[in-house]
Amino acid sequence: MASNISEPLMQCGSQDRYSPFTRSAGHFIQSARLASRMLVYRASCYFLCHLWLFKFGFGLLRRFRPIFIFKKLVVVTRARDVREVLQRFDDFTMGDFIDPGMPWGTFLMTVDWRQRHAQERQLLQDAVDPTDVDKIRAIVDARCRRQIDPAGGRIDVVSQLLEPVVVDIAKEYFGVPPLAGSTQQMAHAMRDLAGIIMVNPPVGSEPWSRSRASIAKVTDLLLQELSHKSSAVAGPPPAALANDLLTRLVQRLQGAGAPNWFDEDWIRRYLTGLLATGGATIVRAGAGAIDQILAHPGGLEKAQAVAIELNQAAQSGVQQRVDELRETLRHFVHEALRFRPMLPLLIRDTPRETVIAYGTKRARMVRAGTRVLAPPLSAMFDPEAFSDPERFDPSRPFESYLHFGSGPRHCFGRYIAETVLLEVFRSLLVLPGLSRAAGPKGRLAFDGPVAAGLIVTFQS
């Protein structure tokens, strides 16, 4: 009997004796796992921002195995096959992959039901006014002047130009003011939102914790703004209403005939999504395009001539010539982006068995549950679609590029991104003596997967 009693006591004492060791071992294992996941995260961010390895690998695959299958992964590398994947909405979905990178809730990019996707896209499109491009252009032009004029011949195009621009867009066009009235705090929050879409950091890591804190702050801000807008819209007619996307969506919500899925939470989720995809993503694209135009002196010289002539035409009030020169400068923006796309890799999933490149010698069967990598980076260096792809050629047709996707999922915010990029390009290219700063500061830097710095100099 005594032995029966003492055995549990001894076991209990043994557990107490070794529990600190057990806890330490468990903590060590957790730390080791997090460290290994952070290594994978940092490597993913590095190769997403420094594209040489992807370009080299895709080049080999295009030549020897254009549709490459390895277990549950398919990589398509030719332009026509990348377009096919992007255009086949029902056969290649993206909700399962991208949903973890949007913890604020469902957004247009995660909706894989074709009818619902079309309805939600149309509701957003109905909130866009034909004069919005002019409004966005004026916002960007005003902010660029305020940032460049006092810069004294040296400016960080990320933190001192592009980020203030997109924060102004968020405030004056989206209807979302800066967090705590701080441009920098809002820019960093938008960085965090965009970063987790591109590469989701490990749970418990510093980037993960920071991104969740930013989501919470942005959510609180949007709920406050929604409350203010709802009260203003429901108030007496004399109340002056802002002409921004948030106000227009609230007006639609309080009007007749709104669909039953459209509510305040939908507005919150979609404005958060626009801040992420239309904020730091534009910053990354703009910084990358500027980096690449500087990397191609011949293209830079021609683009500068176009930008200067565009300014002169605008001052003269010759609108037709202004429109023509904007289109010409847009070619330079798109070609610069080709060398550093804002989204070099796009990923889809296959919910059912299907075939890619049907009817060709390279056709491949893709099983259900397979992940498909359809990289615009590879497509835009495919010699079949881009002759002499390593050459900077701003005469290439716009329809060849894949900067904003293709098919039913093409980027809703393209009109915003193109307007912002074009105006920032113009504002910089007219500066005499534009060049990189000497040393590391003159090279594009990243914070995780998002742009963090690129300093240029000019004659003030």
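The values are calculated or read from the model by the stated rules, or taken from the named source; none is laboratory data. The model shown is predicted, which means the values in this text are computed figures rather than measured ones. Neighbour counts are summed over all protein chains in view; Cβ atoms, including those assigned to glycine, are modelled from backbone coordinates with ideal geometry.
State which residue is farthest from residue 114 (Cα to Cα) when the search covers only segment 390-413 and only residues that are under 24 Å from the mean Cα position of the chain (by Cα), part of a loop (DSSP other than H, G, I, E, B) and free of Cβ contacts under 8 Å to residues at least 60 places away in the same chain. Among those residues, the one meeting the criterion is 397.
Picking from residues in segment 371-389 that are within 16 Å of residue 69 (Cα to Cα) and surrounded by fewer than 20 Cβ atoms within 10 Å (Cβ to Cβ), the one that is nearest to the chain's Cα centre (by Cα) is 373.
Tell me the residue from 435, 406 that is of a type in the set (Ser, Thr, Tyr) and surrounded by fewer than 15 Cβ atoms within 10 Å (Cβ to Cβ), please.
Values: 406 fails: surrounded by fewer than 15 Cβ atoms within 10 Å (Cβ to Cβ).
Of the residues listed, the single one that is of a type in the set (Ser, Thr, Tyr) and surrounded by fewer than 15 Cβ atoms within 10 Å (Cβ to Cβ) is 435.
Within segment 322-347, the set of residues being over 27 Å from residue 52 (Cα atoms), touching a residue at least 12 places away in the same chain (Cβ under 8 Å) and not aliphatic (A, V, I, L, M) comprises 326, 328. Checking every residue in segment 53-72 against the condition of being closer than 27 Å to residue 415 by Cα and aromatic (Phe, Trp, Tyr) gives zero matches. Surrounded by fewer than 17 Cβ atoms within 10 Å (Cβ to Cβ), of a type in the set (Asp, Glu), at pLDDT 95 or above and under 26 Å from residue 274 (Cβ atoms): is that true of residue 134 in this structure? Spelling it out, residue 134 is indeed surrounded by fewer than 17 Cβ atoms within 10 Å (Cβ to Cβ), of a type in the set (Asp, Glu), at pLDDT 95 or above and under 26 Å from residue 274 (Cβ atoms). In segment 221-237, the residues that are under 13 Å from residue 251 (Cα atoms) and touching a residue at least 40 places away in the same chain (Cβ under 8 Å) form Cβ pairs under 6 Å with partners that are surrounded by 13 or more Cβ atoms within 10 Å (Cβ to Cβ) and not acidic (Asp, Glu), at six or more places apart or across chains, as follows: 229/246; 229/247; 229/250. Cβ separations smaller than 9 Å between residues 6+ apart or across chains give the following pairs from segment 188-210 residues that are more than 19 Å from residue 283 (Cβ to Cβ) and part of a helix (DSSP H, G or I) to residues that are of a type in the set (S, T, N, Q) and at pLDDT below 95: 208/200. Annotation note: Cβ proximity below 6 Å between a residue of segment 108-121 that is in a loop (DSSP other than H, G, I, E, B) and a residue that is not basic (Lys, Arg) (sequence gap 6+ or interchain) occurs for 111/117; 112/93; 112/95.
Can you find even one residue in segment 159-166 that is touching a His at 6+ places or on another chain (Cβ under 9 Å), surrounded by 17 or more Cβ atoms within 10 Å (Cβ to Cβ) and over 24 Å from residue 244 (Cβ atoms)? No: segment 159-166 contains no residue that is touching a His at 6+ places or on another chain (Cβ under 9 Å), surrounded by 17 or more Cβ atoms within 10 Å (Cβ to Cβ) and over 24 Å from residue 244 (Cβ atoms).
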